[in-house]
Amino acid sequence: MPETDESSGNGVLPFGLTTQPWIPVLRGDGTQDELSLREVFAQAAGLRRIVGDLPTQEFALVRLMLAVVHDALDGPQDIEDWSDLWADERCFAPVDAYLDAHRGRFDLLDAQAPLPAPAMVQRIWIARFG
């Protein structure tokens, strides 16, 4: 179910990482673009790489996507599973349902369980521990 820009009832517009373009990518044709998390998985075959201002950003984004894949696919368990996965052009199809099921967990501004952003984590840390 796609997210909308409608308020979630608390007056705050959502920022869903699954639908809002925010991941910088380099496409197969050499052009750069920003895609949502859902779009990265849907268009993975046409992407060369994730790009960022710093290598640490690229690494963090790849780690996030690997975590999503592992949870959505319940694995892969070993190198053979990875090989089988890459051979299947629809390998990321289950990710779409996973992102739907956990949509609120990928909303930076969700009223019940916002995804912690670094600045938010820093404010929480200071508030709790001075």
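Taking the stretch 57-101 as the range and being part of a loop (DSSP other than H, G, I, E, B) and surrounded by 15 or more Cβ atoms within 10 Å (Cβ to Cβ) as the test, the residues that pass are Pro76, Cys91, Phe92.
Residue-wise test of (1) closer than 20 Å to Ala72 by Cα; (2) among the polar types (S, T, N, Q); (3) more than 15 Å from the chain's Cα centre (by Cα); (4) modelled with pLDDT of 75 or more.
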{"position": "Arg90", "(1), (2), (3), (4)": "yes, no, yes, yes"}
{"position": "Val95", "(1), (2), (3), (4)": "yes, no, no, yes"}
{"position": "Ala111", "(1), (2), (3), (4)": "no, no, yes, no"}
{"position": "Ala119", "(1), (2), (3), (4)": "no, no, yes, no"}
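If the condition is being in contact with a Leu (Cβ under 9 Å, 6 or more places away or on another chain) and of a type in the set (A, V, I, L, M, F, W, C), then the stretch 57-105 contributes Leu64, Met65, Val68, Val69, Ala72, Leu73, Leu85, Cys91, Phe92, Val95, Leu99. Restricting attention to the stretch 37-83, the residues being more than 16 Å from Pro24 (Cα to Cα) and touching an Asp or Glu at 6+ places or on another chain (Cβ under 8 Å) number 2.
Filtered by the rule that a residue be in contact with a strand residue (DSSP E or B) (Cβ under 8 Å, 6 or more places away or on another chain) and either modelled with pLDDT of 95 or more or acidic (Asp, Glu) (or both), the stretch 1-22 gives a lone residue, Glu3. Whenever a residue of the stretch 39-50 is closer than 10 Å to Phe92 by Cα, its partners that are in a helix (DSSP H, G or I), lying with C-beta atoms within less than 6 angstrom and at least six residues away or across chains, give the pairs Phe41/Val95. Scanning the stretch 25-51 for residues that are in contact with a helix residue (DSSP H, G or I) (Cβ under 8 Å, 6 or more places away or on another chain) and surrounded by 14 or more Cβ atoms within 10 Å (Cβ to Cβ) yields Val25, Arg27, Leu37, Arg38, Val40, Phe41, Ala42, Leu47, Ile50, Val51. Looking across the stretch 37-49, the residues that are under 11 Å from Trp22 (Cα atoms) and in contact with a strand residue (DSSP E or B) (Cβ under 7 Å, 6 or more places away or on another chain) come down to Leu37, Val40.
The values are calculated or read from the model by the stated rules, or taken from the named source; none is laboratory data. Keep in mind that what you see is a predicted model, and the values were worked out from it rather than measured. So basically every Cβ, Gly included, is an ideal-geometry build from the backbone, and we count neighbours across all protein chains shown.
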